[in-house]
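Peer 1: Sending over a structure as structure tokens; questions will come in a sec.
The values are calculated or read from the model by the stated rules, or taken from the named source; none is laboratory data. Keep in mind it's a predicted model, so treat the numbers as computed, not measured. All Cβ positions, glycine included, derive from the backbone under ideal geometry; neighbour counts span all protein chains shown.
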Amino acid sequence: MAMIEMRGIKRYYDVGEVVVKAIRGLDLSVESGEFVAVMGPSGSGKSTLMNILGCLDKPTEGNYVLEGQETTTAGSDEFADIRNSKIGFVFQGFNLLARTTALENVELPLFYGVYLSRREQTARAKKALGDVGLGNRLMHTSSQLSGGQQQRVAIARAMVNDPAFILADEPTGNLDSEMTLEVMSLFQDLNERGKTIVMVTHEPEVASYTRRIIIMRDGAIVSDKPTRERPRAADDLATWKQQHTLLSAMKGAAS
């Protein structure tokens, strides 16, 4: 059985006297270990799909089974438990607590899951930060970190409960080219280590680093294809840095 199994998903909203059909009967399967990009224009239904995938909303019709567990019939407490234990969220705006250290930000989800001692919570959070290359930034606050580093903290926080999959909503939307490549290199590394990732993005260049691209339009999937000639973000990052160093040297020589 697939990790994510959606069948006949519909999501309708009543807006006054108008019924908005955000998703119109969608089928989707995601296997463990996949790295999937979801794309589509504004109004295509990708945000609604993300909300259902993240157990932030339930469909009007259809079934969503996550790791063998039916989510659409779950009560409110069970629904919240599924969301907290099986899904790690990464957002465009990082959503970090400003005056809180990286370590404390990553520890936060551990207060709402299975009971762990403070020592166990700290150990898990340190490991998650180490896994994203921030083992030497544990006590830094958000203001002391670059945008790319803040997103790495957010990814560590998403991973700390060892969720079934990471759901990323425009994770590079606030980042420049270098930081975008850093984050996508990290996502590729995590995926190669077995982590399942579903990412919503409007950037084709970012989507090209995934293994599979789904395109939505008018509340339906219109394309679902594996990525061809998938580049390695780490290689592109190294090239970017070489070019940037060369340009800086040329500017320095010219002045």
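Peer 1: Of the residues that make up the stretch 84-96, is at least one out of contact with any Asp or Glu (no Cβ under 8 Å at 6 or more places or on another chain), assigned to a loop (DSSP other than H, G, I, E, B) and farther than 29 Å from Arg232 by Cα?
Peer 2: No, because not a single residue in the stretch 84-96 is out of contact with any Asp or Glu (no Cβ under 8 Å at 6 or more places or on another chain), assigned to a loop (DSSP other than H, G, I, E, B) and farther than 29 Å from Arg232 by Cα.
Peer 1: Are there strands (runs of 3 or more DSSP E) fully within the stretch 15-76 with at least 3 residues that are surrounded by fewer than 17 Cβ atoms within 10 Å (Cβ to Cβ)? List them.
Peer 2: 18-30
Peer 1: Another question, then. Just the residues that are modelled with pLDDT of 95 or more and not β-branched (Val, Ile, Thr), please, taken from the stretch 1-21. Walk me through it before giving the result.
Peer 2: To start, the set of residues in the stretch 1-21 that are modelled with pLDDT of 95 or more comprises 3-12.
Listed by number, the residues that qualify are Met3, Glu5, Met6, Arg7, Gly8, Lys10, Arg11, Tyr12.
Peer 1: While we're on this one: I'd like the full set of residues that are buried (at least 20 other Cβ atoms within 10 Å of the Cβ) and over 22 Å from Lys86 (Cβ atoms), limited to the stretch 119-147.
Peer 2: Answer for the stretch 119-147, where residues must be buried (at least 20 other Cβ atoms within 10 Å of the Cβ) and over 22 Å from Lys86 (Cβ atoms): just Leu134.
Peer 1: Moving on. Out of curiosity, is Gly75 more than 22 Å from His202 (Cβ to Cβ) and out of contact with any Cys (no Cβ under 9 Å at 6 or more places or on another chain)?
Peer 2: Working: more than 22 Å from His202 (Cβ to Cβ): yes; out of contact with any Cys (no Cβ under 9 Å at 6 or more places or on another chain): yes.
Yes.
Peer 1: Given Thr180, Thr172, Thr196, Thr201, which one is of a type outside the set (Lys, Arg), within 21 Å of Ile4 (Cβ to Cβ) and in contact with a helix residue (DSSP H, G or I) (Cβ under 7 Å, 6 or more places away or on another chain)?
Peer 2: Thr201
Peer 1: A follow-up question, please. From the residues in the stretch 90-111 that are under 11 Å from Ser143 (Cα atoms) and crowded, with 16+ Cβ neighbours inside 10 Å, which one is modelled with the lowest pLDDT?
Peer 2: By that ranking, first place goes to Leu96.
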